[in-house]
Each structure stands twice: as C-alpha cells, then as structure tokens.
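Taken together, the values in this text are just the output of simple stated rules run on the coordinates, not laboratory data. All values reported here derive from a predicted model rather than from experimental measurement. Glycine also receives a Cβ, built like all others from the backbone with ideal geometry; neighbour counts cover every protein chain displayed.
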C-alpha cells in the first residue's frame with residue numbers, strides 16, 4: 001500500500017476562499033467536487049505537462065493562471081480493468 005502525505009496549506013494562500021475575515025460557505029463542497037473531477041480525469045487519461053510552459057498564478061477575484069495550464073492528454077487503455085461507467 002502506498003503511503004500518502006497530506007500537508008496543510010496556508011489559509012491565506014487561496015485568497016478566493018480564505019483571504020479575509022469571512023470564509024466561503026461552499027469551500028468544502030468545492031474541494032469535494034474538485035477531487036471527484038480530478039480522480040475521474042486521472043482514471044481515464046494520462047496527463048503530462050507541455051515542455052517549456054511556465055505555470056504562474058494570478059491573484060484575482062477567482063484563482064486563475066497567468067498563462068493557463070497547458071497539458072497533453074493520452075487516453076488510458078482500461079481494457080484490463082473492471083471499470084464501472
């Protein structure tokens with residue numbers, strides 16, 4: 001079994017959710033949705049970054065990336081697995 005390490009992120013790192021005196025009421029629902037979508041993508045695709053692309057964040061009302069996030073997608077062959085669709 002693989003070991004996992006969870007690290008605590010600074011609450012002020014993501015200004016959209018925790019940047020002030022109030023906390024977004026949907027914060028935990030958004031995190032759950034984000035993890036669900038990410039796990040579905042990772043199940044069906046192999047992701048790799050585009051060589052030479054720099055990823056930097058841009059502080060705004062919503063969290064965004066200055067130059068986007070460029071990735072390559074390659075569909076997994078799931079024929080060897082019992083996958084429920």
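In this structure, residue 81 and residue 37 have a Cβ-Cβ separation that, at R0 = 25 Å, corresponds to a calculated FRET efficiency of about 0.80.
Note the full-extension length gain between residue 28 and residue 51 as 0.36 nm times their separation in residues minus their Cα-Cα distance, in nm to one decimal. Could you put the intermediate results ahead of the total?
Working: separation 23, 0.36 × 23 = 8.28 nm, distance 3.30 nm.
Difference between extended and current length: 5.0 nm.
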